[in-house]
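Every number in this text was worked out from the coordinates using simple rules, so none of it is lab data. Model, not experiment: these values are computed from the prediction. Cβ placement follows ideal geometry from the backbone for every residue including glycine, while neighbour counts extend to all protein chains displayed.
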Amino acid sequence: MAVKIAPSLLSADFARIADEVARVTAGGADWLHLDVMDGHFVPNLTFGPALVKAVRQVTKLPLDVHLMIERPADFIVPFARAGADYLTVHVEAQGDLARVLADIRSLGVHPAISINPPTPLEAVEPYLSLADMVLVMSVNPGFSGQGFIHEVLPKVSALAARSRRFVIEIDGGINADTAAAAAAAGAEVLVAGSAVFGAPDPAAAIAAIRARGDAARR
Ligand code: DX5
Ligand code: ZN
C-alpha cells in the first residue's frame with residue numbers, strides 16, 4: 001500500500017485557513033489532520049468543532065481529527081456532526097474508551113486509538129479490534145515542530161506484524177528523512193505539520209515525504 005500524507009493544519013496560517021487547505025489539496029495531500037487540544041490533556045489549546053466544520057465546507061479530503069482531550073466522550077457527537085471522517089482518541093484519556101470507540105463507529109465515523117511515546121503498546125491491546133486506525137505518536141503531543149522520537153518505531157513494527165484490520169498512522173516530527181524510517185517500520189499514514197506548512201513549497205514537501213515513504217515500503 002502506498003503511504004498517505006496527512007498535512008496537519010496546526011502549522012497552517014489560521015487567518016487564511018481556506019487558502020492553506022486549497023494549497024495542500026492541490027499539492028497532493030491525501031487527508032487533512034486536525035489537532036484538537038483542550039489545555040488539560042496537553043499543555044496547549046487549539047480549536048473545536050466549529051473549525052472542523054469550516055474546513056469541511058472547503059474540502060472533500062477526508063478529515064482526520066486527532067482529539068488530544070481529557071474526556072473525549074463529551075465531544076464525539078459535535079465532532080462527528082462537524083464532518084470528521086476519522087476521530088482519534090488517546091488511550092491515555094479518561095472514560096470508557098471501548099464505549100467511546102463503539103459510539104464513534106455508530107455515528108458513521110472511523111474510530112481510531114492513539115498512543116503516546118512513553119505508553120507501552122500493551123495499553124492499546126484491548127482496543128485494537130474496535131479501531132480502524134492506530135495512531136502512534138512520535139512526539140509528546142501538544143506542539144508542532146518537535147524532533148522525531150525514533151524509540152517509538154518498535155511499536156509501529158509490532159503493530160504492522162499483526163494480523164489486523166486497522167491502518168497505522170504516525171504523527172510528530174515527520175519529514176522526508178523520518179518518513180522513510182516510519183514507513184519502513186510499517187506506518188501507512190504520515191502526518192506532517194511543520195515539514196509541509198513551514199516549507200517554501202508545500203507541494204514539493206508533500207512529494208518528498210511521499211517519495212521517501214513509498215520507497216521505504218518496498
Ligand atoms: C502534535 C500534533 C501533531 C503536530 C505535528 O501534538 O498531534 O499533529 O501538528 O507537527 P509536526 O509535524 O511539526 O511535528
Ligand atoms: Zn496530531
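Helical runs (DSSP H, four residues minimum) scored at -39500 (n - 2.57) apiece and divided by the length of the chain put the mean residue ellipticity at 222 nm at -9500 deg cm²/dmol. Each of 90, 41, 65 was scored by the projection of its Cα onto the charge dipole of the stretch 1-108, and the greatest displacement toward the positive side belongs to 65; charges sit on the C-beta of Lys, Arg, Asp and Glu. As a length-normalised measure over Cα pairs under 8 Å and 6 or more apart, the relative contact order of the chain settles at 21 percent. Model label sites at residue 26 and residue 81, defined 7 Å from Cα along the beta-carbon direction, differ in position by 3.5 nm. Both radii are taken from the alpha-carbon atoms of the stretch 136-218; with Rh as the Kirkwood radius, Rg/Rh is 0.96.
Taking the Cα centre of the chain as reference, the dipole from Cβ charges on Lys and Arg (+1) and Asp and Glu (-1) amounts to some 560 debye.
If the elastic network links every pair of Cα atoms under 10 Å, which of 61, 34, 159 fluctuates the most in the Gaussian network model of the chain? With Cα springs under 10 Å in the chain, the top fluctuation among 61, 34, 159 is at 61.
The Cα trace of the stretch 1-53 gives Rg and Dmax of 12.4, 36 Å, the first to one decimal, the second as a whole number. GNM remark for the chain: springs join alpha carbons under 10 Å apart, and the peak mean-square fluctuation among 138, 157, 129 falls on 129.
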